[in-house]
Amino acid sequence: MNGGDEGVVASEEPLQPLEWKFSQVFGERAAGEEVQEVDIISAIEFDKSGDHLATGDRGGRVVLFERTDSKNQHGSRKDLENTDYSNSRHPEFRYKTEFQSHEPEFDYLKSLEIEEKINKIKWCQTATGAVFLLSTNDKTIKFWKVQEKKVKKISDMNIDPSKANGNGSIASSSNSCILKPHLANGGSSDKAYSYLSSDFSFPPGGLPSLRLPSVASHETSLLARCRRVYAHAHDYHINSISNNSDGETFISADDLRINLWNLEISNQSFNIVDVKPTNMEDLTEVITSAEFHPTHCNTLAYSSSKGSIRLVDLRQSALCDSHAKLFEEHEAPGSRSFFTEIIASISDIKFAREGRYILSRDYMSLKLWDINMDSGPVSTFRVHEYLRPKLCDLYENDSIFDKFECCLSGDGSRVSTGSYSNLFRVFGCAPGSTEATTLEASKNPMRRQVPTPARPSRSIGNSITRVVRRGAENTGVDANGNSFDFTTKLLHLAWHPSENSIACAAANSLYMYYA
């Protein structure tokens, strides 16, 4: 069950804060332009190589982007070695293709509309030049194959065009044949009918040889094809899908159940976690997110609306009602209020690449957990502490139920999450790091940079440190004196698996930054 010894707290010296720069934007809005609901981005995911990026939107579309700068590095090995990529390399993506993944549906048995909105996208293993991915809305998961198809055209015909009479062309002679009714044994009702156009005649003595038409590839087009549909397995809304490291299975989670699927079998799944009580009045918590361990195919984690994370070992039993480990932070005595359970609900969890650490996001903060230490989080990064006096207002306008995602850098040294006013935060999680950067999803990300003082950390044992780091803790006013806008929220973002590059969604716009 141990995750590996490398990871987030491995470095000796604190890393210097990164300087983030704008890279690209796709779907930028003009000033005053109204955003269509169907165009709002609802999912972002890099593939394992970082060369492909996928986004899903509320209109059920999946848009794919591919890396271009890494493919254009030509030259000898010596030239490439002498190139200073630290300064000159600039991550660039280009639009690749898009396809309609889901359509709006209606469940006639339950009289419910099923939205086409894409909830999650996960990349699968690539093969034979094609890319594969899973996408899901509230009820149905689909397995897609996207592949380049070469468009083939006939380039050489059997008939020599120089032998044709008049202005007859090969195309006209082959396409101008009009179908006539035929009699039995191949006879024709029109005996004077000729299958060739009237402006063409065979050369004297006939054709010296028979040449079959040759076909040549002229251009390529991308074709997205739905290979499998995994449906009718969830009574509640799907909030997570996650690929297993075995490359053969994946899980899907809704509010009360987690199902295990084989990628090759779409009509059967196995229920591995079920938290539904016999009497629904006894329901106290729901599943909010689930993810497989990145290297251990028998281990997965899922979070709950009560702020806890459970680690499950699939080898223990077919139905994993009992967890292997439980991670939760106990509240301070006397601090409980009406909002305590709402703001403790975890909206997203992510494993670090090595699998030893789990990052979780609740409404107020980010927490980093060591799977070898279940007494509490290793680090806590306070993101929305300045909103604590406004919880009543946030409850009235439903903002308190917003589900912010989180992500970790490939080396595990930094974490990131979104906030309001299209802001997102980047925190350093190595020992001694005070990095706590506030960035805006715009072409000038550092525009709203504010001081972010860190609290001193307190030691808990030999070399394990539990850190509490504060983000920009002002009273709802940014560095320019502007009030925070709770209608513009940055919910979805993803960190490149091997570089310091972040993709984030602000409404219908995809912004990309690098450091």
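In terms of solvent-accessible area of protein heavy atoms at a 1.4 angstrom probe, what is the ranking of Phe22, Phe46, highest value first?
Numbers: Phe22 55, Phe46 20 Å².
Descending accessible area places them as Phe22, Phe46.
For the peptides 394-402, 367-375, what is the packing order when you average, over each peptide's residues, the other Cβ atoms within 10 Å and list the highest mean first? Each step should come with its number before you reach the end.
Values: 394-402: 14.2, 367-375: 19.1.
So the peptides 394-402, 367-375, ranked by packing, come out 367-375, 394-402.
Would you mind working out the accessible area per residue for the stretch 28-69, using a 1.4 Å probe, and quoting it in Å²?
Numbers: 1790 Å² over 42 residues.
I get 43 Å² per residue for the stretch 28-69.
Calculate the all-directions average of the projected area of the stretch 225-278's alpha-carbon convex hull, and give it in nm². Don't skip to the end; give the middle numbers.
On the way: hull surface 16.8 nm².
The Cα convex hull of the stretch 225-278, projected and averaged over all directions, gives 4.2 nm².
Extension gain Thr487-Leu15, at 0.36 nm per residue separation less the Cα-Cα distance, in nm? Write down the numbers at each step before the final one.
Numbers: separation 472, 0.36 × 472 = 169.92 nm, distance 3.43 nm.
In short, 166.5 nm is gained.
Report, ordered by chain and residue number, the lysines lying within cross-link reach of Lys325, taken as a straight Cα distance under 19 Å and ignoring same-chain residues fewer than 8 apart.
Lys306, Lys350, Lys367
With all pairs of different alpha carbon atoms counted, what Kirkwood hydrodynamic radius in Å does the stretch 218-359 show?
Values: mean 1/r = 0.0600 Å⁻¹.
One over the average 1/r among Cα pairs gives 16.7 Å for the stretch 218-359.
Show me the three semi-axes of the equivalent ellipsoid for the stretch 319-405, from the C-alpha gyration tensor (sqrt of 5 times each eigenvalue), largest first, rounded to whole Å.
25, 15, 13
Multiplying the sequence separation of Met446 and Ser214 by 0.36 nm and subtracting their Cα-Cα distance, what value in nm do you get? Before the final figure, lay out each step's value.
Working: separation 232, 0.36 × 232 = 83.52 nm, distance 5.85 nm.
77.7 nm is the gain from fully extending Met446 to Ser214.
Once the Cβ-Cβ distance between Cys226 and Thr434 is put in as r, and R0 is 51 Å, what FRET efficiency do you end up with, to the nearest 0.05?
Details: r = 48 Å, r/R0 = 0.94.
That gives a FRET efficiency of 0.60.
Arranged from highest to lowest average of other beta-carbon atoms within 10 Å per residue, in what order do the peptides 499-505, 248-254 appear? Display every interim value, and only then the final one.
Working: 499-505: 23.6, 248-254: 21.4.
Result, highest mean Cβ count within 10 Å first: 499-505, 248-254.
Using the crude model of +1 on Lys and Arg Cβ and -1 on Asp and Glu Cβ, and no other charge, please compute the dipole size for the stretch 230-368 relative to its Cα centre, in debye to 20. Can you show the working numbers first?
Numbers: 12 positive and 20 negative charges, 82 e Å.
Value, rounded to 20: 400 debye.
Among the lysines, which have Cα under 21 Å from the Cα of Lys443 when same-chain residues fewer than 8 positions away are ignored?
Within the straight-line limit of under 21 Å, Lys443 reaches these lysines: Lys21, Lys489.
When the accessible area of the stretch 324-450 is computed with all protein chains present and a 1.4 Å probe, what percentage of it is carbon and sulfur?
Reported share for carbon and sulfur atoms: 48 percent.
Along the stretch 228-242, what does the Karplus equation 6.51 cos²θ - 1.76 cosθ + 1.60 (θ = phi - 60°) give for ³J(HN,Hα), rounded to whole Hz, x for Gly and Pro?
Once rounded to whole Hz, the list reads 8, 10, 9, 10, 6, 10, 10, 7, 10, 5, 6, 10, 8, 9, 8.
Do any chymotrypsin sites (Phe, Trp or Tyr not before Pro) in the stretch 274-360 lie in a DSSP loop with no more than 11 other beta carbon atoms within 10 Å, and if so, which?
Values: sites: Phe292, Tyr302, Phe327, Phe338, Phe339, Phe351, Tyr357; in loops: Phe338, Phe339.
Qualifying residues, ordered by number: Phe338.
Once you charge only the Cβ atoms, +1 for Lys and Arg and -1 for Asp and Glu, what is the size of the charge dipole of the stretch 333-446 about its Cα centre, to the nearest 20 debye?
Details: 13 positive and 15 negative charges, 42 e Å.
About 200 debye.
The values are calculated or read from the model by the stated rules, or taken from the named source; none is laboratory data. Please read these numbers as outputs of a predicted model, since none were measured by experiment. Positions of Cβ are backbone-derived with ideal geometry, glycine not excepted, and every protein chain shown enters the neighbour counts. Surface accessibility is based on the protein's heavy atoms, side chains included, excluding ligands, DNA and RNA. Shrake-Rupley method; radii C 1.70, N 1.55, O 1.52, S 1.80 Å.
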